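I have placed the structure first, in the form of structure tokens, so that the comments after it can refer back to it.
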Amino acid sequence: MKIVNLVSAPEHIPTIAAWHHAQWGYLNPGGTLESRIERMQRYLKGASVPAMYIGVDGEHLLGTAALVESDMDSHPELSPWLASVYVNPDYRKRGVGSALVKHLVNQAKMHGVSRLYLFTPDQARFYQGLGWEFIAQECYRGTEVTLMKIDLV
């Protein structure tokens with residue numbers, strides 16, 4: 001697997017947007033696939049934040065991970081965030097997600113980020129295994145989620 005910045009492979013945006021919309025659309029009621037595709041254009045500016053990294057194997061898209069300024073409007077004081085960690089179902093349980101998260105953490109560290117945050121409805125154990133720490137359990141947009149952090153210094 002090769003991990004690249006989405007900037008170098010924008011042709012994958014429609015597939016990624018469809019994956020993310022199917023997985024997390026319920027957290028953004030009223031959002032459409034088209035609006036998600038439009039919002040993903042922000043990743044093509046070449047900035048350190050926001051940035052999306054994708055795992056590819058030849059022409060096969062394996063997964064995604066993003067670094068964003070904010071991912072929970074209920075916590076504007078926290079920034080930046082790991083978001084949009086998704087692995088194509090055909091490639092799960094092969095280390096793709098772990099590799100993407102580790103790559104993003106390293107990129108954030110190289111850009112001077114000292115702490116990252118994330119929230120997850122159902123993958124807290126996965127992130128704990130990668131060194132992330134529990135902050136809180138709370139209800140976000142009608143869903144119980146775990147808020148987590150990792151220190152990069």
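The values are calculated or read from the model by the stated rules, or taken from the named source; none is laboratory data. Values in this document were obtained by computation on a predicted structure and should not be read as measured data. Glycine gets a Cβ as well: all are built from the backbone with ideal geometry, and neighbour counts include every protein chain shown.
I need the full set of residues from segment 115-128 which are closer than 26 Å to Ser48 by Cβ and in a loop (DSSP other than H, G, I, E, B), in order please.
Gln123
Read through the list (1) more than 13 Å from His20 (Cα to Cα); (2) within 15 Å of the chain's Cα centre (by Cα); (3) not β-branched (Val, Ile, Thr), then give the number of the only condition that Tyr91 fails.
(2)
Considering only residues that are touching a residue at least 24 places away in the same chain (Cβ under 8 Å) and in a loop (DSSP other than H, G, I, E, B), look in segment 58-80 and name the one that is nearest to Asn5 (Cα to Cα).
Pro80
Can you find a residue that is within 19 Å of Ala51 (Cβ to Cβ) and either part of a helix (DSSP H, G or I) or touching a Gly at 6+ places or on another chain (Cβ under 7 Å) (or both) anywhere in segment 144-151?
yes
Condition check: in a helix (DSSP H, G or I) and either within 23 Å of Gly129 (Cα to Cα) or free of Cβ contacts under 8 Å to residues at least 40 places away in the same chain (or both). Does Ala83 satisfy that?
No: the conditions fail for Ala83.
Looking for whichever is touching a strand residue (DSSP E or B) at 6+ places or on another chain (Cβ under 9 Å), in a loop (DSSP other than H, G, I, E, B) and not basic (Lys, Arg) here; the options are Gly97, Gly112, Gly131. Which one fits?
It is Gly131.
Tell me which of these Gly55 doesn't satisfy, since it passes every other one: (1) farther than 21 Å from Cys139 by Cβ; (2) in a loop (DSSP other than H, G, I, E, B).
Status for Gly55: all satisfied but (2).
Within segment 1-50, take every residue that is among the hydrophobic types (A, V, I, L, M, F, W, C) and closer than 18 Å to Met72 by Cβ and give me the one that is farthest from the chain's Cα centre (by Cα).
The residue in question is Leu27.
Does Thr15 qualify as being more than 28 Å from Glu133 (Cβ to Cβ) and modelled with pLDDT of 95 or more?
Yes: the conditions hold for Thr15.
In segment 120-140, what residues are surrounded by 13 or more Cβ atoms within 10 Å (Cβ to Cβ) and of a type in the set (D, E, K, R)?
Hit for segment 120-140 is Glu138, nothing else.
Being surrounded by 12 or more Cβ atoms within 10 Å (Cβ to Cβ) and either modelled with pLDDT of 95 or more or not aromatic (Phe, Trp, Tyr) (or both) narrows it down to one of Val153, Val85, so name that one.
Val85
Hey, among the residues in segment 88-106 that are touching a residue at least 40 places away in the same chain (Cβ under 8 Å) and either among the small types (Gly, Ala, Ser) or buried (at least 20 other Cβ atoms within 10 Å of the Cβ) (or both), which one's farthest from Ala51 (Cα to Cα)?
Selected residue: Val96.
Can you give me the number of residues within segment 87-119 that are out of contact with any helix residue (DSSP H, G or I) (no Cβ under 9 Å at 6 or more places or on another chain) and of a type in the set (Val, Ile, Thr)?
The number of residues fulfilling the criteria is 2.
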